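Working notes, beginning with the structure itself.
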Amino acid sequence: EKQIERNPFVNKDIKKDSSFVLNEEQQKAYNAVSDAIEDNFNSEFLLFGVTGSGKTEVYLQLIEKVLNEGKTSLMLVPEIALTPQTVDRFIARFGEDNIAVLHSKLSMGERYDQWNKIKKDEAKIVIGARSAIFAPIQNLGLIIMDEEHDQSYKSETTPKYHAREIARYLAKENSISLVLGSATPDLETFYKTQTGEIKLLELTQRANNA
C-alpha cells in the first residue's frame with residue numbers, strides 16, 4: 001500500500017523570488033531579532049510599522065535565517081489575511097516543499113496531510129491561523145504573529161484561548177524569539193513596550209519609497 005498526500009498547492013505556478021535589500025529601519029529591526037536568535041535567547045519584539053513599511057520582508061528574511069539553521073518557523077496570520085497571495089509569497093521565496101499551511105478552508109483530508117507533514121518534520125515553515133499554534137512542530141526556532149491586534153486570534157469557543165498567550169508560553173519553553181507585528185498594535189502589547197517587557201522596533205516609512 002502507498003500513501004498519497006493531497007497537495008493544497010497543486011496547479012500553482014509560482015515564480016521564485018529572492019530577498020530584497022532592506023532599508024535602514026528594516027535592517028535595524030532584522031538585526032535586533034537576528035541577534036536574539038543567535039543567542040538562543042527568549043525575547044519578545046513588537047514590529048510596529050505603518051501599512052506598506054515592509055514588515056513581511058523582515059519576516060521572510062528572519063525565517064530564512066532560522067531555516068538555514070535547520071529549525072522551524074511558525075508564521076501566524078489572522079484567518080481573514082490567510083489568502084492565497086500570502087501563501088504564494090512564501091512559496092515563491094522558499095518553495096512549497098518547505099511549507100505547511102493550516103486553516104479552515106482546507107478539507108479534513110488536506111488538514112490531516114499538512115498536520116502529518118509538520119509532525120514528521122518535513123515542513124520547516126508552518127503558516128496558519130490561530131489553531132496552528134497547536135501544530136506538532138519539531139525543533140521550533142521562531143514564532144511570528146502578524147496583525148497581532150486582530151480579534152480572530154482569540155477563540156470564543158471552548159476551549160477558550162488567546163493564540164498570543166500560547167505563543168508567549170512556547171517561546172519561553174523553547175528559548176526562542178516571538179515577533180509581534182502590527183500597524184495598530186493591541187494597547188496591552190504597546191504598554192508592555194513602554195515597561196520594557198517587549199522590545200519596540202519601529203518602521204516609520206513605506207518600503208521602496210512608496
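Things worth noting here:
- Across the chain, the mean sequence separation of Cα contacts (distance under 8 Å, 6 or more residues apart), normalised by length, yields a relative contact order of 33 percent.
- Trypsin sites (Lys or Arg not before Pro) within the stretch 61-167: DSSP coil, no more than 11 neighbouring Cβ in 10 Å: K120, K160
- Sulfur and carbon atoms: percent of accessible area, the chain [1.4 Å]: 50
- DSSP bridge pairs, the chain: antiparallel proportion in percent, nearest 5: 5
- Relative contact order (percent, whole number), the stretch 86-136, Cα cutoff 8 Å, 6+ residue spacing: 41
- Cα-only Debye scattering, the stretch 21-62: base-10 log of I(q)/I(0) at q = 0.22, 0.23 Å⁻¹: -0.71, -0.77
- Charge dipole (the chain, unit charges on Cβ, about Cα centre) - positive-most of I143, S34, Q114: Q114
- Convex hull volume per residue in cubic angstrom - Cα atoms of the stretch 1-142: 126
- Theoretical ellipticity at 222 nm over the chain - DSSP helices of four or more residues, -39500 (n - 2.57) apiece, nearest 500: -11000 deg cm²/dmol
- Placing +1 on the Cβ of every Lys and Arg and -1 on the Cβ of every Asp and Glu, with no other charges, gives the chain a dipole of roughly 380 debye about its Cα centre.
- A probe of 1.4 angstrom, applied to the heavy atoms of all protein chains, finds F134 with accessible area near 100 square angstrom.
- Under 15 Å, Cβ to Cβ, from A171 - net charge with Lys/Arg +1 and Asp/Glu -1: 0
- Of the GluC sites (Glu not before Pro) in the stretch 123-176, the ones in a loop by DSSP (not H, G, I, E or B) with at most 16 other beta carbons within 10 Å are E156.
- For the stretch 150-201, the equivalent ellipsoid built from the Cα gyration tensor has semi-axes of 20, 16, 9 Å, listed from largest to smallest.
- Of every Cα-Cα pair in the stretch 76-163, the percent that sits beyond 23 Å: 18
- Euclidean distance of C-alpha centroids, the stretch 179-210 and the stretch 76-129, integer Å: 26
The values are calculated or read from the model by the stated rules, or taken from the named source; none is laboratory data. None of the values given here were measured: they were computed from a predicted structure. Neighbour counts are summed over all protein chains in view; Cβ atoms, including those assigned to glycine, are modelled from backbone coordinates with ideal geometry. Note: areas computed on protein heavy atoms with side chains; ligands, DNA, RNA excluded. Shrake-Rupley method; radii C 1.70, N 1.55, O 1.52, S 1.80 Å.
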